[in-house]
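Trainee: Encoded as C-alpha coordinates, here's the structure I'll be asking about.
The values are calculated or read from the model by the stated rules, or taken from the named source; none is laboratory data. This one's a predicted model, so the numbers in the text were calculated from it and none came from an experiment. For neighbour counting, all protein chains shown are included, and Cβ atoms are generated from backbone atoms with ideal geometry for every residue, glycine included.
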Amino acid sequence: MDWLEEELRRALAREDPPAGFERRVRQAVAQRRFPARQWLAAAAALILAVGAGTGYREYRGRVAKEQVKLAMRLAAASANRIQTHVRGVLQ
Amino acid sequence: MKRFIILICCAAAPLVMSGQQAKLNLDQLQAKASEHLDLNLNATTLQFAAKFLDADDPEEAQIKKMVSGLEGIWVRHFVFKASNSWTQADLEAIRAQLRGPEWTKIVGVKSEDEDETDEVYMRTVGNKMAGVAILAASGKELTVVQISGPIDLDALATLGGHMGVPKFKLPAQKPK
(Lines give C-alpha, C1' and ligand atoms only; values in the text may rest on other atoms or scores of the structure.)
Protein backbone atom coordinates (compact mmCIF):
# COMPACT_ATOMS: atom_id res chain seq x y z
CA MET A 1 0.00 0.00 0.00
CA ASP A 2 1.52 3.26 -1.05
CA TRP A 3 1.17 6.55 0.81
CA LEU A 4 -1.65 7.83 -1.43
CA GLU A 5 -3.82 4.79 -0.73
CA GLU A 6 -3.15 5.21 2.95
CA GLU A 7 -4.16 8.90 2.83
CA LEU A 8 -7.39 8.15 1.02
CA ARG A 9 -8.36 5.38 3.40
CA ARG A 10 -7.83 7.72 6.32
CA ALA A 11 -9.82 10.58 4.73
CA LEU A 12 -12.79 8.47 3.74
CA ALA A 13 -12.96 6.40 6.89
CA ARG A 14 -16.47 6.06 8.44
CA GLU A 15 -16.79 8.34 11.40
CA ASP A 16 -19.60 8.88 13.97
CA PRO A 17 -20.99 12.46 14.23
CA PRO A 18 -19.90 14.41 17.28
CA ALA A 19 -22.18 14.43 20.32
CA GLY A 20 -25.24 16.71 19.97
CA PHE A 21 -24.93 16.98 16.20
CA GLU A 22 -28.50 15.81 15.52
CA ARG A 23 -29.89 18.17 18.16
CA ARG A 24 -28.04 21.12 16.65
CA VAL A 25 -29.30 20.26 13.15
CA ARG A 26 -32.91 20.04 14.37
CA GLN A 27 -32.53 23.32 16.23
CA ALA A 28 -31.15 25.05 13.16
CA VAL A 29 -34.07 23.78 11.06
CA ALA A 30 -36.57 24.92 13.68
CA GLN A 31 -34.93 28.36 13.86
CA ARG A 32 -35.13 28.63 10.11
CA ARG A 33 -38.86 27.97 10.20
CA PHE A 34 -39.50 30.59 12.89
CA PRO A 35 -38.99 33.78 10.79
CA ALA A 36 -41.57 32.53 8.30
CA ARG A 37 -44.07 32.22 11.14
CA GLN A 38 -43.19 35.70 12.27
CA TRP A 39 -43.83 37.07 8.79
CA LEU A 40 -47.13 35.28 8.68
CA ALA A 41 -48.13 36.70 12.07
CA ALA A 42 -47.05 40.19 11.03
CA ALA A 43 -49.02 39.92 7.77
CA ALA A 44 -52.08 38.72 9.66
CA ALA A 45 -51.76 41.59 12.15
CA LEU A 46 -51.41 44.07 9.30
CA ILE A 47 -54.46 42.71 7.49
CA LEU A 48 -56.39 42.84 10.76
CA ALA A 49 -55.27 46.43 11.47
CA VAL A 50 -56.11 47.60 7.93
CA GLY A 51 -59.45 45.80 8.09
CA ALA A 52 -60.28 47.28 11.49
CA GLY A 53 -59.20 50.76 10.31
CA THR A 54 -61.36 50.52 7.22
CA GLY A 55 -64.28 49.25 9.26
CA TYR A 56 -63.92 52.05 11.80
CA ARG A 57 -63.67 54.65 9.02
CA GLU A 58 -66.82 53.20 7.46
CA TYR A 59 -68.60 53.32 10.84
CA ARG A 60 -67.52 56.94 11.45
CA GLY A 61 -68.64 57.84 7.94
CA ARG A 62 -72.07 56.32 8.49
CA VAL A 63 -72.43 58.19 11.82
CA ALA A 64 -71.36 61.48 10.19
CA LYS A 65 -73.76 60.88 7.31
CA GLU A 66 -76.68 60.29 9.67
CA GLN A 67 -75.77 63.42 11.64
CA VAL A 68 -75.67 65.51 8.47
CA LYS A 69 -78.98 64.05 7.33
CA LEU A 70 -80.56 64.80 10.71
CA ALA A 71 -79.18 68.35 10.73
CA MET A 72 -80.42 68.97 7.19
CA ARG A 73 -83.78 67.39 8.05
CA LEU A 74 -84.25 69.80 10.98
CA ALA A 75 -82.99 72.77 8.96
CA ALA A 76 -85.25 71.84 6.04
CA ALA A 77 -88.29 71.37 8.27
CA SER A 78 -87.70 74.81 9.84
CA ALA A 79 -87.16 76.48 6.46
CA ASN A 80 -90.23 74.78 5.02
CA ARG A 81 -92.32 75.79 8.03
CA ILE A 82 -91.18 79.41 7.74
CA GLN A 83 -91.87 79.45 4.00
CA THR A 84 -95.37 78.16 4.63
CA HIS A 85 -95.85 80.62 7.48
CA VAL A 86 -94.81 83.52 5.21
CA ARG A 87 -97.08 82.37 2.39
CA GLY A 88 -99.94 82.11 4.89
CA VAL A 89 -99.36 85.70 6.01
CA LEU A 90 -99.13 86.99 2.44
CA GLN A 91 -102.33 85.30 1.29
CA MET B 1 -38.88 89.26 18.14
CA LYS B 2 -41.54 88.05 20.61
CA ARG B 3 -43.24 91.43 20.49
CA PHE B 4 -43.22 91.34 16.71
CA ILE B 5 -44.88 87.91 16.66
CA ILE B 6 -47.53 89.03 19.20
CA LEU B 7 -48.18 92.16 17.12
CA ILE B 8 -48.65 90.11 13.95
CA CYS B 9 -50.99 87.68 15.76
CA CYS B 10 -53.08 90.57 17.13
CA ALA B 11 -53.28 92.18 13.70
CA ALA B 12 -54.24 88.93 11.99
CA ALA B 13 -56.85 87.84 14.56
CA PRO B 14 -59.70 90.08 13.31
CA LEU B 15 -59.01 89.02 9.74
CA VAL B 16 -59.21 85.36 10.70
CA MET B 17 -62.27 85.94 12.89
CA SER B 18 -64.13 87.82 10.14
CA GLY B 19 -64.21 84.69 8.01
CA GLN B 20 -65.63 82.59 10.82
CA GLN B 21 -69.15 82.46 12.08
CA ALA B 22 -69.48 82.48 15.84
CA LYS B 23 -71.73 79.83 17.32
CA LEU B 24 -74.78 81.24 19.09
CA ASN B 25 -74.93 80.88 22.82
CA LEU B 26 -78.19 79.17 23.81
CA ASP B 27 -77.27 77.90 27.25
CA GLN B 28 -80.19 79.68 28.93
CA LEU B 29 -82.65 77.60 26.86
CA GLN B 30 -80.86 74.35 27.54
CA ALA B 31 -81.48 74.84 31.27
CA LYS B 32 -85.24 75.13 30.68
CA ALA B 33 -85.67 72.36 28.12
CA SER B 34 -86.74 68.85 28.97
CA GLU B 35 -84.97 67.51 25.89
CA HIS B 36 -82.40 69.02 23.64
CA LEU B 37 -80.46 68.06 20.58
CA ASP B 38 -77.14 69.64 19.75
CA LEU B 39 -75.54 68.99 16.39
CA ASN B 40 -72.17 70.56 15.59
CA LEU B 41 -70.90 69.74 12.16
CA ASN B 42 -67.79 71.52 10.97
CA ALA B 43 -66.43 71.60 7.41
CA THR B 44 -64.26 68.51 7.96
CA THR B 45 -67.21 66.45 9.22
CA LEU B 46 -69.44 67.70 6.40
CA GLN B 47 -66.91 66.84 3.71
CA PHE B 48 -66.22 63.46 5.31
CA ALA B 49 -69.96 62.68 5.54
CA ALA B 50 -70.47 63.82 1.94
CA LYS B 51 -68.24 60.95 0.78
CA PHE B 52 -70.73 58.51 2.29
CA LEU B 53 -73.83 60.15 0.85
CA ASP B 54 -75.19 58.14 -2.05
CA ALA B 55 -75.20 60.13 -5.29
CA ASP B 56 -77.79 57.74 -6.74
CA ASP B 57 -80.28 58.49 -3.98
CA PRO B 58 -82.17 61.69 -4.94
CA GLU B 59 -82.40 63.10 -1.40
CA GLU B 60 -78.85 62.21 -0.43
CA ALA B 61 -77.58 63.60 -3.74
CA GLN B 62 -79.35 66.87 -2.99
CA ILE B 63 -77.86 67.03 0.50
CA LYS B 64 -74.43 66.21 -0.90
CA LYS B 65 -74.74 69.12 -3.34
CA MET B 66 -75.94 71.48 -0.60
CA VAL B 67 -73.26 70.68 1.95
CA SER B 68 -70.39 70.68 -0.55
CA GLY B 69 -69.62 74.39 -0.10
CA LEU B 70 -70.56 74.73 3.55
CA GLU B 71 -68.20 75.51 6.41
CA GLY B 72 -70.46 74.28 9.16
CA ILE B 73 -73.97 73.45 10.34
CA TRP B 74 -75.04 73.88 13.93
CA VAL B 75 -78.50 72.80 15.02
CA ARG B 76 -79.98 73.21 18.47
CA HIS B 77 -83.43 71.76 18.99
CA PHE B 78 -85.21 72.17 22.32
CA VAL B 79 -88.36 70.47 23.52
CA PHE B 80 -90.10 71.85 26.58
CA LYS B 81 -92.54 70.16 28.91
CA ALA B 82 -95.11 72.95 28.71
CA SER B 83 -96.15 75.34 25.97
CA ASN B 84 -94.61 78.79 26.06
CA SER B 85 -91.74 77.69 28.23
CA TRP B 86 -89.61 79.84 25.99
CA THR B 87 -90.23 83.54 26.41
CA GLN B 88 -89.78 86.59 24.23
CA ALA B 89 -86.80 87.42 26.45
CA ASP B 90 -85.18 84.13 25.39
CA LEU B 91 -85.72 85.00 21.76
CA GLU B 92 -84.40 88.50 22.33
CA ALA B 93 -81.20 87.03 23.78
CA ILE B 94 -80.74 85.08 20.53
CA ARG B 95 -81.61 88.10 18.37
CA ALA B 96 -79.04 90.17 20.25
CA GLN B 97 -76.34 87.80 19.05
CA LEU B 98 -77.49 88.30 15.45
CA ARG B 99 -77.31 92.08 15.51
CA GLY B 100 -73.78 92.37 14.17
CA PRO B 101 -73.05 94.32 10.99
CA GLU B 102 -72.81 91.11 8.99
CA TRP B 103 -76.29 89.92 9.91
CA THR B 104 -79.54 91.03 8.28
CA LYS B 105 -82.99 89.85 9.23
CA ILE B 106 -84.67 88.75 6.00
CA VAL B 107 -87.82 87.10 7.37
CA GLY B 108 -89.73 87.68 10.56
CA VAL B 109 -93.16 86.19 11.13
CA LYS B 110 -95.02 86.11 14.39
CA SER B 111 -98.44 84.65 15.10
CA GLU B 112 -101.04 86.89 16.72
CA ASP B 113 -100.83 85.21 20.10
CA GLU B 114 -97.02 85.18 19.86
CA ASP B 115 -97.12 81.41 20.19
CA GLU B 116 -95.19 81.04 16.96
CA THR B 117 -92.16 82.99 15.92
CA ASP B 118 -90.16 82.36 12.78
CA GLU B 119 -87.16 84.39 11.78
CA VAL B 120 -84.44 84.05 9.18
CA TYR B 121 -81.19 86.00 9.28
CA MET B 122 -78.65 86.19 6.50
CA ARG B 123 -74.95 86.80 6.98
CA THR B 124 -73.09 88.62 4.26
CA VAL B 125 -69.36 89.17 4.02
CA GLY B 126 -68.17 91.48 1.24
CA ASN B 127 -71.49 91.35 -0.67
CA LYS B 128 -71.44 87.57 -0.60
CA MET B 129 -73.81 85.35 1.31
CA ALA B 130 -71.79 83.73 4.07
CA GLY B 131 -74.49 81.96 6.02
CA VAL B 132 -77.96 81.90 7.52
CA ALA B 133 -79.51 81.56 10.92
CA ILE B 134 -83.02 80.21 11.34
CA LEU B 135 -85.01 80.70 14.49
CA ALA B 136 -88.23 78.71 14.64
CA ALA B 137 -90.24 78.62 17.85
CA SER B 138 -93.69 77.20 18.34
CA GLY B 139 -95.53 75.70 21.28
CA LYS B 140 -93.25 73.30 23.05
CA GLU B 141 -90.41 73.41 20.55
CA LEU B 142 -87.69 75.79 19.58
CA THR B 143 -85.13 75.21 16.86
CA VAL B 144 -82.11 77.30 16.01
CA VAL B 145 -80.21 76.44 12.86
CA GLN B 146 -76.96 78.12 11.92
CA ILE B 147 -75.44 77.42 8.54
CA SER B 148 -72.06 78.82 7.66
CA GLY B 149 -71.46 79.13 3.93
CA PRO B 150 -73.62 79.76 0.87
CA ILE B 151 -76.96 77.96 0.98
CA ASP B 152 -80.05 78.05 -1.23
CA LEU B 153 -82.94 78.56 1.19
CA ASP B 154 -85.55 77.57 -1.39
CA ALA B 155 -83.77 74.30 -2.04
CA LEU B 156 -83.49 73.75 1.69
CA ALA B 157 -87.22 74.37 2.17
CA THR B 158 -87.98 72.00 -0.72
CA LEU B 159 -85.92 69.35 1.03
CA GLY B 160 -88.39 69.69 3.90
CA GLY B 161 -90.94 67.82 1.82
CA HIS B 162 -88.59 64.84 1.43
CA MET B 163 -86.68 62.69 3.87
CA GLY B 164 -89.75 61.68 5.79
CA VAL B 165 -90.38 65.24 6.90
CA PRO B 166 -93.91 66.19 5.97
CA LYS B 167 -94.17 69.30 3.88
CA PHE B 168 -96.33 71.86 5.63
CA LYS B 169 -99.46 72.59 3.68
CA LEU B 170 -101.77 75.49 4.08
CA PRO B 171 -105.42 74.67 4.73
CA ALA B 172 -107.62 75.08 1.66
CA GLN B 173 -108.99 78.61 1.40
CA LYS B 174 -112.69 79.05 1.80
CA PRO B 175 -114.40 80.54 -1.28
CA LYS B 176 -115.35 84.15 -0.68
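Trainee: Quick check: is even one residue across segment B:75-94 under 25 Å from residue B:130 (Cα atoms) and without any contact (Cβ under 8 Å) to a residue 12 or more places away in the chain?
Mentor: Yes, segment B:75-94 contains at least one residue that is under 25 Å from residue B:130 (Cα atoms) and without any contact (Cβ under 8 Å) to a residue 12 or more places away in the chain.
Trainee: Going residue by residue through segment A:4-24, is there one that turns out to be under 30 Å from residue B:52 (Cα atoms) and part of a helix (DSSP H, G or I)? Write out each step before concluding.
Mentor: Taking segment A:4-24 and keeping what is under 30 Å from residue B:52 (Cα atoms), we get none.
Taking every residue of segment A:4-24 in turn, none turns out to be under 30 Å from residue B:52 (Cα atoms) and part of a helix (DSSP H, G or I).
Trainee: When you go through (1) away from chain A (no Cβ under 14 Å); (2) surrounded by fewer than 17 Cβ atoms within 10 Å (Cβ to Cβ) one by one for residue B:123, which number turns out not to apply?
Mentor: (2)
Trainee: Please go through segment B:69-116 and pick out each residue that is of a type in the set (S, T, N, Q) and either at positive phi or at pLDDT 90 or above (or both).
Mentor: B:84, B:97, B:104
Trainee: Exposed (fewer than 10 other Cβ atoms within 10 Å of the Cβ) and either touching a residue at least 12 places away in the same chain (Cβ under 8 Å) or more than 9 Å from chain B (Cβ to nearest Cβ) (or both): which single residue out of A:12, A:48 fits that description? Please lay out each step first, then the result.
Mentor: Numbers: A:48 fails: exposed (fewer than 10 other Cβ atoms within 10 Å of the Cβ).
Of A:12, A:48, the one residue that is exposed (fewer than 10 other Cβ atoms within 10 Å of the Cβ) and either touching a residue at least 12 places away in the same chain (Cβ under 8 Å) or more than 9 Å from chain B (Cβ to nearest Cβ) (or both) is A:12.
Trainee: Follow-up question, since we're still on this one. Select, from B:138, B:111, the only residue that is within 12 Å of another protein chain (Cβ to nearest Cβ), more than 15 Å from residue A:83 (Cβ to Cβ), of a type in the set (Ser, Thr, Tyr) and free of Cβ contacts under 8 Å to residues at least 40 places away in the same chain. It would help to see each step written out before you state the result.
Mentor: Working: B:138 fails: more than 15 Å from residue A:83 (Cβ to Cβ).
Criteria check complete, one pass: B:111.
Trainee: Kindly indicate whether any position in segment B:35-49 is under 12 Å from residue B:142 (Cα atoms) and either modelled with pLDDT under 90 or out of contact with any helix residue (DSSP H, G or I) (no Cβ under 9 Å at 6 or more places or on another chain) (or both).
Mentor: Yes, segment B:35-49 contains at least one residue that is under 12 Å from residue B:142 (Cα atoms) and either modelled with pLDDT under 90 or out of contact with any helix residue (DSSP H, G or I) (no Cβ under 9 Å at 6 or more places or on another chain) (or both).
Trainee: Separate question: Of everything in segment B:50-94 that's part of a helix (DSSP H, G or I), within 21 Å of residue B:123 (Cα to Cα) and out of contact with any helix residue (DSSP H, G or I) (no Cβ under 9 Å at 6 or more places or on another chain), which residue is nearest to the other protein chains (Cβ to nearest Cβ)?
Mentor: For segment B:50-94, the residue satisfying everything is B:91.
Trainee: Also: Determine if segment A:71-84 includes at least one residue that is without any contact (Cβ under 8 Å) to a residue 12 or more places away in the chain and either farther than 30 Å from residue B:131 by Cα or of a type in the set (Ser, Thr, Tyr) (or both). It would help to see each step written out before you state the result.
Mentor: If we filter segment A:71-84 for residues that are without any contact (Cβ under 8 Å) to a residue 12 or more places away in the chain, which is where we start, we get A:71-84.
With either farther than 30 Å from residue B:131 by Cα or of a type in the set (Ser, Thr, Tyr) (or both) added as a condition, the list becomes A:78, A:84.
For segment A:71-84, residues without any contact (Cβ under 8 Å) to a residue 12 or more places away in the chain and either farther than 30 Å from residue B:131 by Cα or of a type in the set (Ser, Thr, Tyr) (or both): present.
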